[in-house]
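First the structure, in the form of structure tokens, and then the observations on it.
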Amino acid sequence: GIQVEQSPPDLILQEGANSTLRCNFSDSVNNLQWFHQNPWGQLINLFYIPSGTKQNGRLSATTVATERYSLLYISSSQTTDSGVYFCAVEQGYAGNMLTFGGGTRLMVKP
Amino acid sequence: NAGVTQTPKFRVLKTGQSMTLLCAQDMNHEYMYWYRQDPGMGLRLIHYSVGEGTTAKGEVPDGYNVSRLKKQNFLLGLESAAPSQTSVYFCAISGNTGELFFGEGSRLTVL
């Protein structure tokens, strides 16, 4: 099956800093999503971004499907950004089944 | 997590006991999924359903059964719980766009 690798696995930032999270995938995809799991365990959908660039407030994401990677940018980080960020991809088979990467654990210190 | 409700939120079982997790949605989406999340393993798909009356196996289906008798409900059953099934279980739904929305999770401990 498709492999999804995220980097870095862990990241510690000072509040106000910017960061870039990366997601590499091993095969072509027709669906890519970014999720944030907060410290209480809730999983929130951040972006649906199979290609191109999207922005939502301080967060933005870019997917370059032809080169098989996606980037999540966090600007002016806040302590509430802490948690784990997951990238998930789907290849287009029936069922919209997503395969998840291992996640990037982010800690933002005040 | 509005729209996807999981019950129960917490459960402790003894080895060999059975239980059912219920996922209910109010968004009228066709697709429903059960994932498990373990430390260091990310999220892995157990079973999924593409519509009422249909189910299919995901990545880690062994030891679990599912049913989708009504469009809004997706049940995950453990017939004989094992310690290896200690995990956090997430239900998720998606519509035609493929965007995935999760429930709040159910923490299961098997002693």
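Nothing in this text is a laboratory measurement; each read-out follows from the coordinates by a stated rule. Only a predicted model underlies this, so the values are computations on that prediction, with no experimental measurement involved. Note that each Cβ is placed from the backbone with ideal geometry, even for glycine, and that neighbours are counted across all protein chains shown.
Just in the range A:5-71: which chymotrypsin sites (Phe, Trp or Tyr not before Pro) are loop by DSSP and have at most 15 other Cβ atoms within 10 Å? Passing sites in the range A:5-71 are A:40. Counting only lysines at least 8 places from residue B:14 when in the same chain, there are none with an alpha carbon closer than 25 Å to its own. Placing pseudo-labels 7 Å out from each Cα toward the beta carbon at residue A:68 and residue A:105 gives an inter-label distance of 2.8 nm.
Taking a Cβ cut-off of under 14 Å around residue B:61, the surrounding Lys, Arg, Asp and Glu residues balance to a net charge of 0, with basic ones at +1 and acidic ones at -1. Taking amide H as placed 1.01 Å from N in the peptide plane, residue B:31 has its amide H under 5 Å from the amide H of B:94, each at least 5 places away in sequence or on another chain. Ordering B:5, A:20, A:99 from the fewest to the most neighbouring beta carbons within 10 Å gives A:20, B:5, A:99. The GluC sites (Glu not before Pro) found in the range A:1-80 that occupy coil by DSSP, while having at most 15 further C-beta atoms within 10 Å, are A:15. Return, ordered by residue number, the residues of the range A:58-86 whose backbone nitrogen is under 13 Å from a label point located 7 Å along Cα→Cβ of residue A:24. Of the residues in the range A:58-86, A:67-70 have backbone N under 13 Å from the label point off residue A:24.
On the basis of the beta-carbon distance and an R0 of 30 Å, residue B:111 and residue B:72 show a calculated FRET efficiency of 0.40. Taking 21 Å as the straight-line reach from the Cα of residue B:71, the lysines in range (excluding those fewer than 8 positions away in the same chain) are B:57.
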